[in-house]
Amino acid sequence: MPEVDASFLALPRHELAQAALQRARDLGATYAEFRLERIRSESIALRDSVLESAKDDEDLGLAVRVIHDGTWGFAAGVALTVDEAVRVAEQAVNMAQVSRPINAETIELADEPVYDDVTWISSYEIDPFTVPRADKVALLTDYSDRLLKADGVAHVSVHVATIHECKYYANTAGTSYTQQRVRIGPNITAHAVAEDRFDSMSTCAPPAGRGWEYMTGTGWNWDEELAQIPGWLAEKLAAPTVEAGEYDLVIDPTNLWLTIHESIGHATELDRALGYEANYAGTSFATTDKFGTLKYGSPVMHVTGDRTVEHGLSTVGYDDEGVAGQQWDLVKDGILVGYQVDRRMAKKNEDLLGTPRSNGCAYADSSGHIPIQRMANVSLQPAPDGPSTEELISRVKNGIYIVGDKSWSIDMQRYNFQFTGQRFYKIVDGKIVGQLRDVAYQATTTDFWGSMEAVGGPQTYLLGGALNCGKAEPSQSGAVTHGCPSALFRSVRILNTTQEAGR
Amino acid sequence: MTIQLTPQDTIERGLALAAAEGADGCVVLVAETSSTNLRWANNTLTTNGAMRGSSVTVIATVGSGEGTAAGVIGRSSVTEDSLREIVSAAIATARAAGPAEDARPLVDGPVGADWDLEPEETTVGVYEKFAPSLGESLKRADLERRRLYGFANHEVVTLYVGSSTGLRLRQALPRGYVSSTGKNADLSHSAWVGTATRDFTDVDALALDAELTRRLGWATRTVSVDAGRHPTILPPAAVADLMTYLYWQLDGRDAFDGQTVFSKSGGGTRLGDTLSSQPVNMHSDPALAGLEAFAFAVARSSGGSSSVFDNGLTLQATDWIRGGKLEHLMTSRHTAELIGVPEATPDIANYVVSVDGGAGSTDDLVAGLDNGLLVTCLWYIRMVDPQTLLLTGLTRDGVYLVEGGEVTGAVNNFRFNESPVDLLARFTAAGATVPSYSREWGDYFSRTATPPLLVPDFNMSSVSQAS
C-alpha cells in the first residue's frame, strides 16, 4: 500500500495552518480554510522514437480563503514560512474587505461533519516518480519502435503526463486532512502521409488514477493495441468518405465518455445552472426549474456522480472544502434528479436539492487558485444483464460504430454538440463491413440521449476521462473520469467533414 | 535552510552549482508572477483573489560523446537548499538522457541594463478606478433588470534568464483584461464585450456596460435564421478567435512531418505558397506598441517550434504571412536547419493580422452589408480536420441580423464548421486592424490586433438553441 510521501509530511503544515487560521480569526473572519499543496508533474515526449522533451515540475504553495463580513477573500503565496502564512491570511481578509462593497450576497456554507487529522491515499501500485527516467524512456521508445517499423507509419509521437498531488487542508471548523493522489495520462499517435492526404491514429488508453503500472499493462493492453494500430491506420487512410445523413450509431465507451463529459457532466454542474460560470464556459439548459422533471434521455439512462470510484481521476477522500467523497444520482430513468454542488450552493439550494449537505464537488487545481465547483466522476451505468457491443451492432441495419475520441465541441448551454473519433466502422445488416473516414456526429443533448435505445452490459463498461478539463476565471484545469458501457443510438445526424470544409 | 533567494541570486548560485557539479552548460529561468482578479455573476461579486507565484527552471546540459543532452527541472518556492537539489537533479537527468536532437550551443549575449531590478508586482490597487465603476454598473444593471457576469484580471510576470554563456536578461510584462456578459431579465438574450489592457487605466466599466446595453437593445426584435452559408461580418474579436488557432498551427516541424494545413502534399512544407490572393498579412514583433511581448525566446521544454537550447535567443519581427503568401513557420534553430530555412523564427506572444487597404470599423462593414449576420464572438473552437484546418465551434452572446446596412435584430446561435486558412482567401471586405481580444483564447493569448472581416459564405452548420 502506498504511503503519503515523507518529504511532504516533513513540511511544517500544521504550524502554517495554525498561524494562518489564527490570523484570519484575529482579523474577524467568521470562517477560514488553509491549503498546503505540492503537485509534482512530469511530461515526457518522444518524436519518432527520439526523446524530444522531458520535464519534471513541482508546484508548492499555500492558500487561505476566508469569509469576512459575509464576503469571500482569497490569497495564495509560495514561501513556506509562518510569516508568509500570516501575510497570505491578511491579504485574503483584505481582498474580502475590498470586495465587500460590490458583494450583494452573504456567503453561507452547508454543514459538514468534522474530520480530525485524517489521511486518504488514492489507489495505485507504482509511484511514477520512483521509476528511473531512463526506464520510462526505454519503454516508450520500444512502443514507438513497434509502430515505426510497421508499413505505412511515417511518424510516431508519444506523450505521457504523470501527476503526484499531495494536499494538507485545515479549516476553522476543526477539519484537517492529508491527501495524496496519483494520475497518469498517456497518448501514442501514429501518423501516415499519403500522396494526397494524411491521417493519424491514437491509442484509446484513457488517463487514469493509476501509477506507472498502467504503462506496463495493468488496466490497459498496450501490446494488443499497438499491434493493431498500423493496420487500422492504413485502412482508415484508404477508407471511403462517409455519405452525410442520419445513421444508427453504436458508440464505444472510448468515445462516449467525452460526450457524457460535455453534455451531462458540465450540464449538471449547479454553478453553471445558476449563472456563476456564464461569462466563461457558460450556463446550462438543465436549470433548477426543470429539476425532477426534465426528460434528459431515454428510460435506459442512469447517470451517477461519484467521488469514490477506484482509479477515478476526480476521486478524492475529501474535497477542497473538507467534504467527504460520495456517490449520488444525476439522471435516473432518463430524468434529471441531481446536481453537482459545493458547500455554498448546497446551503443556498437546500430546499431544492432536498439535502442540507454538499456532495463534495469543490476543487482547486493548485494552491494558487480558489476552490470552485468541479466535476465529480460522472458515469453512465450499464444494464446489469445488458448486451455485448457485438449484440448492439447486430441490431443495426445501416449504421456506424464509433471508437476512440478526437474532436469535441458543445455550445455554452450544452445543447448543440459535434464530435469526431479515431475510427468509424460502417455497419450493414448487423455486421461491420469496414472503416469510413471524414465522420462527425452532431446532435442536441436531449435528442441524442433520448435516442439511446440500449446500453451495454457491465462487460462493455470502461472508465474514460480527461486530465485537462478547463473551467472558471482565472482558468483552472481539472481531471475527471467518466465510466460508460457501449450504447446504441437511433437516427443521429452524421456530417462529412470534407464537405463541411467546402471541398 | 529555508532562505528565499532573489531571482538574480537564484540564477547566479544555480549556474555556479551546475558548473561545480560538472555540467557543461546551464540555463536558469526564474519567473516571478503576481496577479489579482475580480469575478462577478448575477450582479454581484462571486470570487476574488490575489496570488503570488515563483517558478525556477534549471536546464543543465552535458556532453555525451555523441552529442549534448539536456535535463530540465522546474520548481516553485525555491530556497537555497532546494536549489541545490534542483541543479543536481537536472544534471542527473541530463546524464541519464541520450543526446538531444535539438542540441545547439547555448545562446550567449549581454547583461541587460535592468538585470539588477527587483520583480514588478501588481496589487488590488490596480482596480482603484475600475472597481467603483464596476460596482456602479452592477447596481445600474440591477435597477434596469439586466444581469451582468464578468471577470477582470491583472498580472505582471517578471522573467529572468541567465546562462553559463553569460546571458543575463530580465523583462517585466504586465497584462490585463476584462470580459463581460450581459443578459436581459428573462435570460433569453445575451451580449458580450471584452478588452485587453496593460494597467486598467484605460478601461471604463461604465462604457463597457453601455456597449452591452446597446447590444442587448438590438435583441428587442428577434429573428430565427436557418443554418446555411451566410454573408457574415466578423468583428476583430471574432477574427482573433479564429486567427489565434491558425497562429498555433504555424509549427514548422509538424508541417515538415506532414501533419498540418501547412504541409505540402507528398512531403515538405507550404513555405512560399500563396494562401490567399488577397493582400493579407500576419505579423509578430515583440516590440509592437501596446502588444509588447517577451523579446527573447523562452522554452521550458523542447517541441517542434521551440528548443530549450534556444533560451534567450533574440526575437525578431517576423512576417508569417505577407501579401497572402506563407513567409515563415515557427522554428527553433534545430527545426530551421531540418526544414532548410536560413534562420530560426521562434514563436512570439503576439500577432497582428492586417489587410493592405483595409479601412473603417465593424460599423462601417455593417453599413455596407445589405443582408447578412454580425457575429460578435465565437466559442468552443476545436480542430476537426488538420489537413484543411477545419475548425468547429459556436457563436455565442451576440449574433445579429444586418439588413440594409443596419442591425435590425438578434438572431439564434449557430454551430459553424470553417477553416481560418480558407477564410483568408474568401473574405470580400476588411476593415482597419485594431487591438482585439479573443473571447475564447484571450485569457491566455491577449496580445492580438485584427481587422473586422466580411465573409460572403460563412458555414453555419446547424442552429444552436443556446441563448
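The values are calculated or read from the model by the stated rules, or taken from the named source; none is laboratory data. The shown structure was predicted, so the numbers you read here are calculated from the model rather than taken from an experiment. Note that each Cβ is placed from the backbone with ideal geometry, even for glycine, and that neighbours are counted across all protein chains shown. Quick note on the areas: whole protein, heavy atoms, side chains included, nothing else; ligands and nucleic acids left out. Shrake-Rupley method; radii C 1.70, N 1.55, O 1.52, S 1.80 Å.
Contact map, region B:170-198: first residue within 30 Å of B:Asn311 (Cβ to Cβ), second residue among the aromatic types (Phe, Trp, Tyr) and open to solvent by 30 Å² or more (accessible area, probe 1.4 Å), Cβ cut-off under 9 Å, separation 6 or more or different chains; pairs are B:Gln171/B:Phe294; B:Leu173/B:Phe294. Put simply, of A:Ala96, A:Ala92, A:Ala138, A:Ala76 the only residue that is closer than 22 Å to A:Arg210 by Cβ and of a type in the set (Gly, Ala, Ser) is A:Ala138. Note on region B:38-67: among residues that are touching a Leu at 6+ places or on another chain (Cβ under 8 Å) and in a loop (DSSP other than H, G, I, E, B), the one that is least open to solvent (accessible area, probe 1.4 Å) is B:Asn43. Taking A:Leu36 as the residue in question, decide whether it is at pLDDT 95 or above and either more than 28 Å from A:Arg343 (Cβ to Cβ) or not β-branched (Val, Ile, Thr) (or both). Spelling it out, A:Leu36 is indeed at pLDDT 95 or above and either more than 28 Å from A:Arg343 (Cβ to Cβ) or not β-branched (Val, Ile, Thr) (or both).
Residues in region A:463-503 that are among the hydroxyl-bearing types (Ser, Thr, Tyr) and not in a strand (DSSP E or B) were compared, and the one that is surrounded by the most Cβ atoms within 10 Å (Cβ to Cβ) is A:Ser486.
Examine region A:133-147 for a residue that is more than 14 Å from every other protein chain (Cβ to nearest Cβ), open to solvent by 40 Å² or more (accessible area, probe 1.4 Å) and at positive phi, and state whether such a residue exists. No, the conditions are met nowhere in region A:133-147. Summed over region A:345-365, residues that are surrounded by fewer than 21 Cβ atoms within 10 Å (Cβ to Cβ) and either within 16 Å of the chain's Cα centre (by Cα) or assigned to a strand (DSSP E or B) (or both) total 0. Residues in region B:192-219 that are assigned to a helix (DSSP H, G or I), small (Gly, Ala, Ser) and crowded, with 22+ Cβ neighbours inside 10 Å: B:Ala205 alone. Scanning region B:423-460 for residues that are surrounded by fewer than 21 Cβ atoms within 10 Å (Cβ to Cβ), within 14 Å of chain A (Cβ to nearest Cβ) and not in a loop (DSSP other than H, G, I, E, B) turns up B:Ala425, B:Arg426, B:Pro456, B:Asp457.
If only residues of region A:103-124 that are among the aliphatic types (A, V, I, L, M) and open to solvent by less than 20 Å² (accessible area, probe 1.4 Å) are counted, the one that is farthest from the other protein chains (Cβ to nearest Cβ) is A:Ala110. Can you confirm whether region A:334-344 contains a residue that is more than 26 Å from A:Val66 (Cβ to Cβ), free of Cβ contacts under 8 Å to residues at least 60 places away in the same chain and open to solvent by 20 Å² or more (accessible area, probe 1.4 Å)? The answer is yes, given that some residue of region A:334-344 is more than 26 Å from A:Val66 (Cβ to Cβ), free of Cβ contacts under 8 Å to residues at least 60 places away in the same chain and open to solvent by 20 Å² or more (accessible area, probe 1.4 Å).
Can you name the residue in region B:117-141 that is of a type in the set (Ser, Thr, Tyr) and within 11 Å of chain A (Cβ to nearest Cβ) and is also farthest from B:Asn42 (Cα to Cα) among such residues? Once the filter is applied, the top-ranked residue is B:Thr123.
Each residue in region B:318-348 was checked for being within 22 Å of B:Val111 (Cα to Cα) and open to solvent by 30 Å² or more (accessible area, probe 1.4 Å), and 0 of them qualify. In region A:173-284, counting only helices (runs of 4 or more DSSP H) that sit wholly within it, the ones holding 2 or more residues that are open to solvent by less than 10 Å² (accessible area, probe 1.4 Å) and either hydrophobic (A, V, I, L, M, F, W, C) or without any contact (Cβ under 8 Å) to a residue 12 or more places away in the chain (or both) span A:222-238, A:253-260.
To keep it simple, each residue is scored yes or no on (1) out of contact with any Lys or Arg (no Cβ under 9 Å at 6 or more places or on another chain); (2) at the interface with another protein chain (Cβ under 10 Å from one of its Cβ atoms).
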| position | (1), (2) |
| --- | --- |
| B:Asp24 | yes, no |
| B:Leu38 | yes, yes |
| B:Ser55 | no, yes |
| B:Val78 | yes, yes |
| B:Asp81 | yes, no |
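Tell me, please, whether a residue that is within 14 Å of chain A (Cβ to nearest Cβ), more than 30 Å from A:Val50 (Cβ to Cβ), of a type outside the set (Val, Ile, Thr) and touching a helix residue (DSSP H, G or I) at 6+ places or on another chain (Cβ under 6 Å) can be found in region B:341-360. Checked region B:341-360: no residue is within 14 Å of chain A (Cβ to nearest Cβ), more than 30 Å from A:Val50 (Cβ to Cβ), of a type outside the set (Val, Ile, Thr) and touching a helix residue (DSSP H, G or I) at 6+ places or on another chain (Cβ under 6 Å).
With the condition kept exactly as written, say whether any residue in region B:387-408 is at the interface with another protein chain (Cβ under 9 Å from one of its Cβ atoms), open to solvent by 20 Å² or more (accessible area, probe 1.4 Å) and either aromatic (Phe, Trp, Tyr) or free of Cβ contacts under 8 Å to residues at least 40 places away in the same chain (or both). Scanning region B:387-408, I find no residue that is at the interface with another protein chain (Cβ under 9 Å from one of its Cβ atoms), open to solvent by 20 Å² or more (accessible area, probe 1.4 Å) and either aromatic (Phe, Trp, Tyr) or free of Cβ contacts under 8 Å to residues at least 40 places away in the same chain (or both), so the answer is no. Mind checking whether some residue in region B:369-376 is without any contact (Cβ under 8 Å) to a residue 40 or more places away in the chain, buried (at least 22 other Cβ atoms within 10 Å of the Cβ) and within 28 Å of A:Glu473 (Cα to Cα)? The answer is no, given that none of the residues of region B:369-376 is without any contact (Cβ under 8 Å) to a residue 40 or more places away in the chain, buried (at least 22 other Cβ atoms within 10 Å of the Cβ) and within 28 Å of A:Glu473 (Cα to Cα). Residues of region A:40-80 that are facing chain B (nearest Cβ under 7 Å), of a type in the set (D, E, K, R) and over 25 Å from the mean Cα position of the chain (by Cα): A:Glu52 alone. Taking the listed residues B:Leu288, B:Leu271, B:Leu246, the one that is under 25 Å from A:Glu500 (Cα atoms), of a type in the set (A, V, I, L, M) and either open to solvent by less than 30 Å² (accessible area, probe 1.4 Å) or in a loop (DSSP other than H, G, I, E, B) (or both) is B:Leu246, with no other qualifying. Please determine whether any residue of region B:203-218 is within 12 Å of another protein chain (Cβ to nearest Cβ) and over 19 Å from A:Ile102 (Cα atoms). There is at least one residue in region B:203-218 that is within 12 Å of another protein chain (Cβ to nearest Cβ) and over 19 Å from A:Ile102 (Cα atoms).
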